[in-house]
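Working notes, beginning with the structure itself.
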Amino acid sequence: MSRAGSPGGPCEITNGNVDTEMGEIKKFRIIAGLALAVALGGGGWYYAERPTHAASPPPGPPPVPVTAGVAEARDMPVFVRGLGTVQAYNTVSVKTRVDGQIVKVLFTEGQEVKAGDPLFQIDPRPFQAALDQAVAQKQRDEAQLAGAQRDFARYSKLVASGFQTRQSYEDQKATVEQLEGAVKADEAQIENARLNLGYADIRSPIDGRTGARLVDIGNFVQASQATPLVTITQLRPIFVSFTVPQDALDEIRLNQAKAPLAVLAYDSGDKTLLSQGKLSLIDNAIDPSTGTIHLKATFENKDERLWPGEFVSARLVLSVRRNAVTVPAQTVMQGADGPYVYTIKPDDTVERRAVQVAATQDGLAVIAKGLAAGERVVVDGQYRLTNGAKVKIVSEASGASRTAAAAG
């Protein structure tokens, strides 16, 4: 028991404060322990009461976006290709047949002309004068012949009675025959003069189109000169001359014997059809240096889409595949085992299908085996596919539309 004022009093008061603080600490620890126990118990209750589920599998790869199409049945031509050149049906270099000065030009460059249409006129006056002179010469000789014939008739009557000698009779007969020959020569001169006068009017010898004028008005031209005045080409009909490999010759000859084969003329890029004609010539020899056979086709060329000197791609149609199965060319992929396509099943999964390609033309692949008409196929987007993959069709493309797009 402490007493006030004693030396030990302060020490006893200090020990009491310490006991109080220690009591507070113990109380705090008890409260913290209870709180921790409650927290742990609640967490255990949460995990104990939380419903348990089976582990879900990881999500699969998303569907591959593709463009789909349908295999279509159509008639496809079987043809052999060749490079060709368009040739005019007729080409004429118009030249003068007489000497003289050009006084008229009666056409415009590039004009369509008919046979007999005037083109140039050479000064006709010298030829008209030569014709008049020949006519006058004939008249003079005819007059002399008439007089000689009358004398010969009189000599014929007098020679029998002895009033004319036989010599005079024969001389007169020779004079008549000589004058008759002169008259015939005069007729030939007249005809020649008329021809030259006609040649002074230079006319088109064929139907066709004129080219550039090579001689202008006022120039003096001579028949001995090799320079043409203008060139005329006949464009309707027109030829296409082309070559194909000799391996196709037998089939060409056999089919041509049945009916003239069709020839399709495309532009040099082999995309745009220009005209359709018929095979008209199979050359009589194979070129041994190139191993090709020369062919020629005739085109009506009514729209004049073929032009002389133009390079074209010629397709000689040998036969037609009826109801051939076709798909856009990009549908077919090349693998280690050959060509294949991806077909689309009803559940939107794909199947890799090996196919046999008979030909590829105009943006279409002709399938000989492995695919039926009406089956759906992947046209674009197949580079990311594997057998059995799921696809998402983002667009549809028919074979006809893809062909039109490929043809430009």
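In table form, for the structure just shown:
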quantity	calculated
Residue 128 vs. criteria of a type in the set (S, T, N, Q), surrounded by fewer than 14 Cβ atoms within 10 Å (Cβ to Cβ) and under 20 Å from residue 191 (Cβ atoms)	no
Any chance residue 43 is in a helix (DSSP H, G or I), outside the structural domain of residue 120 (by TED's automatic domain parsing), surrounded by 10 or more Cβ atoms within 10 Å (Cβ to Cβ) and modelled with pLDDT of 55 or more	no
The range 297-322, residues that are surrounded by 12 or more Cβ atoms within 10 Å (Cβ to Cβ), at negative phi and outside any strand (DSSP E or B)	300, 305, 306, 307, 308, 310
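Listed here are the residues, each with its yes/no results for (1) at pLDDT 95 or above; (2) in a helix (DSSP H, G or I).
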{"site": "77", "(1), (2)": "no, no"}
{"site": "86", "(1), (2)": "yes, no"}
{"site": "91", "(1), (2)": "yes, no"}
{"site": "98", "(1), (2)": "yes, no"}
{"site": "103", "(1), (2)": "yes, no"}
{"site": "109", "(1), (2)": "yes, no"}
{"site": "126", "(1), (2)": "yes, yes"}
{"site": "131", "(1), (2)": "yes, yes"}
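Table: residues versus (1) within 17 Å of residue 317 (Cα to Cα); (2) free of Cβ contacts under 8 Å to residues at least 60 places away in the same chain.
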position	(1), (2)
200	no, no
205	no, no
209	no, no
240	yes, no
245	yes, no
251	yes, no
266	yes, yes
269	no, yes
287	no, yes
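Each row is one residue, and each column tells you yes or no for (1) charged (D, E, K, R); (2) under 20 Å from residue 122 (Cα atoms); (3) surrounded by fewer than 17 Cβ atoms within 10 Å (Cβ to Cβ).
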| residue | (1), (2), (3) |
| --- | --- |
| 168 | no, no, yes |
| 178 | no, no, yes |
| 190 | no, yes, no |
| 210 | no, yes, no |
| 216 | yes, yes, yes |
| 224 | no, yes, yes |
| 233 | no, no, no |
| 248 | no, no, no |
| 264 | no, no, no |
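The values are calculated or read from the model by the stated rules, or taken from the named source; none is laboratory data. Predicted model only: the values in this text are computed from it and were never measured. All Cβ positions, even for glycine, are placed from backbone atoms using ideal geometry, and neighbour counts span all protein chains on display.
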